[in-house]
Amino acid sequence: MTKVLMEDALSGLAPLLRVRPQLEDVCRFGGTWASVHESEPAGQAYFHIVTHGRATLQRPGDETLQVEAGDILLLPNGDAHTLRNLEASASVVLPVAVRQRGLLRYKTSLGAEPEVELICGRLRFEAAPQSLIVAALPDLLVLRVDEQPFSTRFHPLLVGIREELSDERAGALAIAENLASALFMLMLRIHLEGSAPADGLLRLLAQRVTAQAVLAMVRDPIRTWTLDDLSDVSATSRATLVRAFRKAAGVAPLEFLSDLRLGLARHRLRTGAAPLEAIAAEAGYQSLGAFSRAFLRKYGVRPGYARREAHAPASD
């Protein structure tokens, strides 16, 4: 795949990189400590931002990894893991005091001065096809912000997030999560730009035939695409296009389109006030009932519930 085609593909796929971070914990640990995270259900990635000090990351069946201030860790599949002090062999950990501030927890080791600070939470991939985005990522993604050329762009976002959560002013959590959203979108873009083609999304982008069809659908998802239309865009036969999609991503072109529309509809539900009927029509459904059933199959909730959940007032 040529460099120009990959850059064009990444530009066209910007809507698919939308993420929704949920900040949950500000951890200030010292002495002997351990923060255990069980395996998460599909669709929720773990993330940790190290803002001060150093720590050890342990994953089952994997070597330990030392992380330090300026490191951003993303576990796209929500795999089980433990963060702890550098002496990973210590078995007795200090108790932790937990203070709730709205939706955010502040955790502090008792009996020791804090030596490390972590901002932790979960990341949801907002737009479809989520499974293809996750398939394009490794089990663990680590970005070291202090290394050039990342420092200039990422460091102000990290500082902003930390300051908002430290000040605990009105609206701090919402502002910090918006900054974190920008941070992780940049992180995903950097990874996709620099990685070799992998299963899923990047395999679709790595081939001229499938890349052209993906870009066409991303640029105009409302259009009533047919397999003939997409094969024309890709300058290939219908059968060849279907085989290429199934081989690269395990879905047919029109299945990809359905996932794409539902994901973008989900984003509109959470960020706008358009009537459900209008969103259903834009997603290619002839009736609100059909849209609602498809949305329920995909996300486990009805469209109206997804909207109410997104717009529910959050305590601070």
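For the stretch 200-252, the equivalent ellipsoid derived from the Cα gyration tensor has semi-axes of 16, 13, 10 Å, listed largest first. Exposure proxy for Ile222, Ile175: other Cβ atoms within 10 Å of each Cβ, ordered fewest to most, give Ile222, Ile175.
Taking 7 Å steps out from each Cα toward its Cβ at Ala239 and His52 produces label points 6.6 nm apart.
The fewest-to-most ranking of Thr224, Thr32 by surrounding Cβ atoms within 10 Å reads Thr224, Thr32.
Put simply, the stretch 207-311 fits an ellipsoid with semi-axes of 28, 13, 11 Å; these come from the alpha carbon gyration tensor as the roots of five times its eigenvalues, largest first. Remark: Val142, Val116 ranked as Val142, Val116, counting other beta-carbon atoms within 10 Å and listing the fewest first.
Quick check of the Kirkwood formula: for the stretch 36-112, what is the inverse mean of 1/r over all pairs of different Cα atoms, in Å? Could you put the intermediate results ahead of the total?
Working: mean 1/r = 0.0717 Å⁻¹.
After inverting the pairwise mean of 1/r, the radius is 14.0 Å.
Rounded, prolate or oblate: which fits the stretch 143-286, taking a ≥ b ≥ c as square roots of the Cα gyration tensor eigenvalues, rounded meaning a/c under 1.5, else prolate when a/b beats b/c? Oblate is the answer for the stretch 143-286, as a/c is 1.5 or above yet b/c matches or exceeds a/b.
Values in this text are rule-based calculations from the coordinates and carry no lab data. Please read these numbers as outputs of a predicted model, since none were measured by experiment. Counting neighbours? That spans all protein chains shown, and the Cβs are built from the backbone with ideal geometry, glycine included.
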